[in-house]
Amino acid sequence: MRERGTSDLPPSRAYARGGSFLVRETSPAEVFTPEDFASDELLFAKTARDFMEKEVLSVSSRLEETDLELLVGLLRKAGEVGLLAADIPEEYGGLGLPKRAAALVLESLSGQMSFQITYIVHTGIGSLPIVYYGTHEQRRRYLPDMATGSKLGCYALTEPTAGSDALAVRTKAVLSDDGTHYVLNGTKQFITNARIADVLIVFAKVDGQHFTAFLVDRRTPGLSLGSDEKKMGLHGSTTCSVFLEDAKVPVTDVLGEIGRGHKIAFNILNIGRFKLGAVGVGAGKRALEQALAYCLERKQFGRRLAEFGAIREKLGRMYTRIYALEAATYRTVGLIDGLLLWGSDDHGEAELRSIEEYSVECALVKVLGSEVLDEVVDEAVQCFGGYGYCADYPVERYYRDSRINRIYEGTNEINRMLVPTMLLRKASVGDLPLAEAFAAVGRPSPRGGGASAPPPAGLGAAARVVGNLKELCVHVLGLASEKYGAGLSSQQAIQLRVADLVLAAFLAESAWLRASKAAERRVESSGLATAAACVVCEEAAEKAEASARQALVAMGEAGAASRLGALLERVPADTVALREVIASRLVEAERWVV
């Protein structure tokens with residue numbers, strides 16, 4: 001598959017470039033929100049939810065005992081109803097759904113994360129490299145069976161000495177004297193699904209130099225597995241080491257091009273990153289609903305827990321975080337789907353270019369999805385009190401299972417440091433006018449976090465916060481780039497704080513855009529959406545001010561730090577009252593509601 005340069009992309013006016021949310025106005029009409037799903041997409045999501053309830057959650061305790069026969073059987077049942085086929089093209093037996101629909105299906109398969117992670121590995125990193133980089137023969141050989149679950153896949157990249165530094169792998173591939181096969185030697189570690197996979201996507205260096213991907217059949221002589229890792233969570237999934245000792249792989253099973261394995265590794269990781277946003281949304285809703293149900297039933301001091309202000313604060317906080325994450329996740333997936341409107345002879349190639357374009361947003365969603373979920377499950381356990389610490393209740397499992405999300409698909413620290421790096425790289429090639437935006441900070445501007453028209457009633461203050469947050473991001477990133485230049489890559493503490501500013505701005509704007517779209521449509525629940533967006537924007541401003549001050553002082557810009565109040569000037573939202581509005585609606589509905 002040939003590569004395209006940025007000049008092959010459509011004109012910038014035709015779509016929003018990746019990362020451009022920092023420097024351009026975005027109107028509510030431009031973004032995809034969860035309220036925009038078509039009826040057939042919602043129906044397929046219901047199929048996924050019903051499958052989880054009837055087939056998976058009913059046997060959760062057995063799964064947690066690492067019953068791999070049961071796990072594989074469930075995957076194959078999922079394949080029978082089309083749940084493994086969302087991302088596979090129709091010509092190879094799949095459904096070829098838009099990314100938004102595939103993400104919604106993944107969100108709907110929440111509640112049993114051991115099953116869900118097994119599903120994600122198979123349908124994502126275990127099969128998408130073949131979808132995007134496989135030859136026609138390789139796709140024909142594997143994808144129809146992967147769509148049904150007859151064949152399962154996994155992804156073998158990590159090694160004992162190569163985690164975050166993926167390109168440092170030591171597994172070596174040497175071409176045989178007769179040129180018919182490669183001989184692979186090395187060790188892969190923490191490989192989920194390896195024990196049940198029929199095909200492994202293995203990364204090795206040809207002649208110890210050229211980073212390359214291979215399709216390796218599970219039955220290949222010389223391939224063996226270590227014992228299963230004893231993990232903190234995800235007890236129902238299988239994770240082990242893979243050993244390659246003179247494993248012979250036919251030359252026809254090279255995936256992509258020799259020496260271009262990094263393109264596969266990094267693009268597939270981007271896909272995994274936005275999918276972790278959907279995981280956070282689905283699991284977060286499950287945890288909130290479990291906590292809500294318990295607080296509606298459990299009584300202390302003669303009153304239901306849901307009547308106490310401290311508990312209602314928690315319910316309101318959990319809701320606003322999930323609401324904003326959901327907005328950011330589907331905004332990102334909507335951007336990816338939107339760019340696919342650009343024509344291409346190869347739809348898979350167009351998907352890759354689209355995902356690569358929005359790599360900044362994918363990294364942001366990965367961090368947000370994993371951290372929001374951790375916050376939500378932590379609060380859920382707290383709502384249960386001592387019972388939340390006991391395995392009798394599912395929130396104990398949610399708490400343990402969620403922790404890994406901040407580690408895989410690139411640790412959150414790596415993803416944070418990628419954000420300023422990618423933004424500045426885009427600016428350096430002319431894809432993002434950061435320099436112009438930096439020079440304009442502080443000048444009068446109509447930008448208010450969204451459309452140039454007056455914002456909807458009740459969201460005006462939030463709109464101004466969003467506009468100010470974006471200016472603050474540009475200001476601090478510009479100062480950091482000016483001070484350190486290329487050396488910014490070694491200033492990790494500064495990079496992390498810049499990333500936190502960008503995260504705050506993206507999350508706040510996504511929530512604001514979603515609520516504004518609801519208000520413009522005058523949907524019945526727009527008041528709840530407005531309350532959630534206002535809380536998110538106020539919290540984002542508070543966090544951003546702290547991150548910006550720390551970064552500016554560390555850069556020797558104490559004067560700029562002292563003027564932060566001017567950049568974030570606002571009338572603070574009454575988050576206490578707004579969370580009470582949200583909690584009241586949740587208690588009334590007794591479930592997640594929008």
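Some values worked out for this structure:
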| item | result |
| --- | --- |
| Approximate spin-label separation Asp392-Glu65, in nm, with each point projected 7 Å along Cα-to-Cβ | 2.0 |
| Val216, Val251, reordered so the largest accessible area comes first (probe 1.4 Å) | Val251, Val216 |
| The chain - mean residue ellipticity at 222 nm from DSSP helices (-39,500 (n - 2.57) per run, n ≥ 4, rounded to 500) | -17500 deg cm²/dmol |
| Estimated FRET transfer efficiency when R0 is 30 angstrom, pair Gln382-Glu349 (beta carbons, to 0.05) | 0.05 |
| Helix axis angle, 68-80 relative to the chain longest principal axis, alpha carbon, degrees | 80 |
| Accessible surface, the stretch 460-594, averaged per residue in Å² (probe 1.4 Å) | 40 |
| Accessible surface of the stretch 244-340 [probe 1.4 Å, protein heavy atoms]: carbon and sulfur percent | 50 |
| Extension gain from Val251 to Leu57, taking 0.36 nm per residue of separation minus the Cα-Cα distance | 65.6 nm |
| Rg and Dmax [Cα atoms of the stretch 62-142; Å; Rg one decimal, Dmax integer] | 13.2, 39 |
| In nm, spacing of pseudo-spin labels at Ala589 and Thr47 (7 Å Cα→C-beta vector) | 2.6 |
| Out-of-range pairs (alpha-carbon distance over 19 Å; input Lys188/Lys275; Lys188/Lys366; Lys188/Lys231; Lys426/Lys470; Lys99/Lys366; Lys285/Lys543) | Lys188/Lys275; Lys188/Lys366; Lys285/Lys543 |
| Using alpha-carbon coordinates, inclination of helix 412-428 to the longest axis of the chain, degrees | 80 |
| Order by protection proxy (mean Cβ within 10 Å, highest first), peptides 391-402, 102-113, 549-560 | 102-113, 391-402, 549-560 |
| Full-extension gain in nm, Arg303 to Lys77, via 0.36 nm per residue minus C-alpha separation | 76.9 nm |
| Accessible-area value, Lys248, 1.4 Å probe, nucleic acids and ligands omitted, Å² | 130 |
| Kirkwood hydrodynamic radius of the stretch 218-348, from inverse mean 1/r over distinct Cα pairs, in Å | 20.1 |
| Ala486-Glu520 FRET efficiency (beta carbon distance; Förster radius 56 Å; 0.05 resolution) | 0.80 |
| Shape of the chain, Cα gyration tensor, a/c cut at 1.5 | oblate |
| Degrees separating the helix 575-589 axis from the principal Cα axis of the chain, which is the longest one | 60 |
| Alpha-carbon centroids, the stretch 219-242 and the stretch 249-269: separation in whole Å | 23 |
| Antiparallel DSSP beta bridges within the chain, percent to nearest 5 | 85 |
| Inter-label distance, nm, simple model (7 Å from Cα along the C-beta direction), Ser164/Ser428 | 2.0 |
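The values are calculated or read from the model by the stated rules, or taken from the named source; none is laboratory data. Owing to the predicted nature of the structure, the values given are computational and were not obtained by experimental measurement. Reconstructed Cβ throughout: ideal geometry from the backbone, glycine too, with neighbour counts over all protein chains shown. Side chains included, ligands, DNA and RNA excluded: accessible areas come from the protein's heavy atoms. Shrake-Rupley method; radii C 1.70, N 1.55, O 1.52, S 1.80 Å.
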